[in-house]
């Protein structure tokens, strides 16, 4: 079974989303996503201060076997990126929810249509 | 549901991820493919390669048949047990398959062909064998296990009924049941063991007990690419000649009077493309099949095989490009052009990095 923390929200495309105290939003990929990709060797992060649109690709993750896109769950400005992934992309395999957060976004949009942990667990089980 | 090898249940027992490969249900990986890769480079791993097909040829003119069917020269097989790698070409010089052939006796040869091409290979060989009165036998009763890695020789020592400790590279030895070649597809020392299908699970379990790690197709692909070896259907097929596939060294134009299928086409082929090997020195992505390659002067080619090399820690690839001498090329990855260095394969052999 994949690890699906209760306190996070999830997208259908296997990103996790956390709303921080200052209303910024942190995004990463789920345990399920990293497991499907396999050994991750390269992560292309967005540029700081980029304006991004909800549903568009903002990060590319390459594993030995495949490349996967990460989509922004909402529109807004990229205010932080996780530079440690440039040298240690494998963190996305070992610590997808903590050390391997991908980017933080500032948005005036309200997050809706995201799944909670139970709904995401059902979503991934249907994909198997 | 695809065809299953004699070892299918052993793969399930090890929780392998199973995928379709050339019509067969085969293990893609058992654990991390990178971990599996390193196990072969550093100690020993084993592969179920029973999906590949053994074809036995027998007849007074078996050698003449192979001299006509193969682009490499079967006359190079002088000693019993010696193996030869060759392409089998069509009249246009396109590669029907690449294969290994062993000299078993003056009138007997054992050929190992790829899984996905088995049907057309056997049909092609049989069609020509009739003229030479050679008997062609497809051996679906046999399984094949490859044991590869620096510790392969030590690991198989007590597990095989025949002594292979002094077997020279690219030679095979056998008894009534086991046929063991010191060959492989990883760039490491090792053996390919052909045995009766029903005996395969027992040997597999014995190797497991001897700490030989099971290795899936995913690691098999990164290992063979590091070793600078082509994969049929990806790096070459019937639309490309060996000269366009980095396999010129396997085509024996001498002696000039040996007539083999495809020879005329190869001799008259004008400006053909070539295959080059690439290493991506900068970060920015992973080289993958079908990415566009731009060479000096603006010529365009394409990556055939590309991956991240676990041993080197960089991305490596084969690419087919217009003929020329290049030191570097540009590879288009997601609308960006990255510089890749042109190198001489292999990338890795016997655990050492060569590029």
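The values are calculated or read from the model by the stated rules, or taken from the named source; none is laboratory data. Being a predicted model, the structure only gives us computed values, none of them experimental. As a convention, Cβ positions derive from the backbone with ideal geometry for all residues, glycine included, and neighbour counts pool all protein chains shown.
Among all residues of the stretch B:282-291, there is at least one that is modelled with pLDDT under 95, in contact with a helix residue (DSSP H, G or I) (Cβ under 9 Å, 6 or more places away or on another chain) and within 11 Å of chain A (Cβ to nearest Cβ).
Exactly one residue out of B:270, B:265 is farther than 27 Å from residue B:310 by Cα and part of a loop (DSSP other than H, G, I, E, B): that is B:270.
Close Cβ contacts (under 9 Å, 6 or more residues apart or on different chains) running from residues in the stretch A:44-63 that are over 17 Å from residue A:33 (Cα atoms) and within 10 Å of chain B (Cβ to nearest Cβ) to residues that are modelled with pLDDT of 95 or more and part of a strand (DSSP E or B) are absent. Please tell me if residue B:112 is buried (at least 20 other Cβ atoms within 10 Å of the Cβ) and closer than 24 Å to residue B:230 by Cα. So residue B:112 passes the test.
When the residues of the stretch B:18-46 are filtered to those that are away from every other protein chain (no Cβ under 14 Å) and in a helix (DSSP H, G or I), which remaining residue is surrounded by the most Cβ atoms within 10 Å (Cβ to Cβ)? Going through the qualifying residues, I end up with B:40. Residues being crowded, with 20+ Cβ neighbours inside 10 Å, touching a helix residue (DSSP H, G or I) at 6+ places or on another chain (Cβ under 9 Å) and within 14 Å of chain A (Cβ to nearest Cβ) are entirely absent from the stretch B:48-70. Residues in the stretch A:68-92 that are crowded, with 21+ Cβ neighbours inside 10 Å and within 14 Å of chain B (Cβ to nearest Cβ): A:70, A:85, A:92. All conditions in (1) over 21 Å from residue B:282 (Cα atoms); (2) more than 11 Å from chain B (Cβ to nearest Cβ); (3) without any contact (Cβ under 8 Å) to a residue 60 or more places away in the chain hold for residue A:104, with the sole exception of (3). For the stretch B:236-244, the criterion of being crowded, with 24+ Cβ neighbours inside 10 Å, modelled with pLDDT of 95 or more and part of a loop (DSSP other than H, G, I, E, B) is met by at least one residue. Residue B:272 passes every criterion in (1) away from every other protein chain (no Cβ under 14 Å); (2) modelled with pLDDT under 95; (3) out of contact with any helix residue (DSSP H, G or I) (no Cβ under 7 Å at 6 or more places or on another chain) apart from (3).
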